[in-house]
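Contents: one structure, followed by commentary.
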Amino acid sequence: MKTTKDFLQMKQKNEPIVMITAYDYPSAKLSEAANVDMILVGDSLGNVVLGYDSTIKVTVEDMIHHSKAVRRGAKNTFVVTDMPFMSYHLSKEEAMRSACRIMQDGDADAVKLEGADEQVLEVIKSLTAAGVPVVAHLGLTPQSVGVLGGFKVQAKDVESAKKLLEDAKKCEEAGAFALVLECIPKQLTKQVSSMLTIPTIGIGAGVDADGQVLVYHDMITYGVGRVPKFVKQYTDVQTLIEEAISNYTEEVKLRQFPEGIHSFTMKEEQLEALYG
Ligand code: KIV
Ligand code: NA
């Protein structure tokens, strides 16, 4: 399994880091088989797996449940698990306890949290000091969607771009080993990436991040509607799945399924003995 040190070296060698989200055993297993470098058990599971319209309702319990399943499917891949909404804001103790549970019960290798205000930076410091590798997350931070006023490109003006550059530096100084940059102008990604020693992992942040991450369900078109502009849909499995289930429905109604090959039989003499 790759380690935080490997990710740092990949950046130094200019080798892109591939991350994808996964939420359960099969998605983890297929991602590992496809040789991704890192898996994120994102709180986006609230949207794509649990059917909520934001990540706000996701709990530490939910994250642990899915993280464990991911670990069973990807034993040899570095797994980062999101700390969900408000699980790291009430107090430092609470944040430490949530992270501890995600690591111990959820079998994660690292945690990710959003933002860089003073309190979050303190948490990044404390977790790192306690031995928990931390991924920071700046730009569009979905747990703050209510404050940001929607899912929009962030840091487009000079002032907010400056703030992002400062925040990125602070995350690195606090001890984060990687930084997710979501939905920011590509030029800013380039600047942040060249300024930092730790790798940046972009989503909707252009090609100059040190790595990329996409949401599993978005990139294979699985149970999702309209996806953001920054998503590339590499395949469309939902059409295949819908067709398969429609065919099944029709064949059951017409008694075309199951056929002989799907059925078990009893020997003639056994039948005679049974019915006489
Ligand atoms: O929850 C998630 O999937 C994420 C990625 C979009 C970075 O945080
Ligand atoms: Na997330």
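In region 138-153, of all residues being outside any loop (DSSP other than H, G, I, E, B) and within 16 Å of ligand 1 (Cβ to nearest atom), the one that is nearest to residue 179 (Cα to Cα) corresponds to 138. When region 37-87 is filtered for residues that are surrounded by fewer than 18 Cβ atoms within 10 Å (Cβ to Cβ) and among the β-branched types (Val, Ile, Thr), the ones remaining, listed by number, are 56, 59. Restricting 167, 210 to residues that are farther than 28 Å from residue 92 by Cα and not polar (S, T, N, Q) narrows the list to 210.
Looking at residue 139, is it in contact with a helix residue (DSSP H, G or I) (Cβ under 8 Å, 6 or more places away or on another chain) and in contact (Cβ under 8 Å) with a residue 60 or more places away in the chain? Judged against the criteria, residue 139 is a match.
Flag set for residue 226, criterion: free of Cβ contacts under 8 Å to residues at least 24 places away in the same chain and assigned by TED's automatic domain parsing to the domain that holds residue 44. The number of residues in region 203-229 being under 26 Å from residue 6 (Cβ atoms) and in contact with a Cys (Cβ under 9 Å, 6 or more places away or on another chain) comes to 3.
With respect to residue 34, determine if the residue is away from ligand 1 (no atom under 14 Å from the Cβ), over 19 Å from residue 151 (Cα atoms) and surrounded by fewer than 17 Cβ atoms within 10 Å (Cβ to Cβ). Here the answer is yes, as residue 34 does meet what is asked.
Within region 140-178, restricting attention to residues that are over 27 Å from residue 7 (Cβ atoms) and among the small types (Gly, Ala, Ser), the residue that is surrounded by the most Cβ atoms within 10 Å (Cβ to Cβ) is 160. Looking at region 39-52, can you tell me whether even one residue there is more than 14 Å from ligand 1 (Cβ to nearest atom), more than 30 Å from residue 192 (Cα to Cα) and assigned by TED's automatic domain parsing to the domain that holds residue 165? Yes, there is a match, as at least one residue in region 39-52 is more than 14 Å from ligand 1 (Cβ to nearest atom), more than 30 Å from residue 192 (Cα to Cα) and assigned by TED's automatic domain parsing to the domain that holds residue 165. Of the helices (runs of 4 or more DSSP H) entirely within region 55-137, those holding at least 2 residues that are within 15 Å of ligand 2 (Cβ to nearest atom) occupy 60-73, 92-104. Within region 149-164, residues that are free of Cβ contacts under 8 Å to residues at least 40 places away in the same chain reach no partner that is loosely packed, with under 10 Cβ neighbours inside 10 Å with beta carbons closer than 6 Å at six or more positions or on different chains.
The values are calculated or read from the model by the stated rules, or taken from the named source; none is laboratory data. Every value quoted in this text rests on a predicted model; they were computed, and no experiment measured them. Using ideal geometry, Cβ is built from the backbone for each residue, glycine included, and neighbour counts are taken over all protein chains shown.
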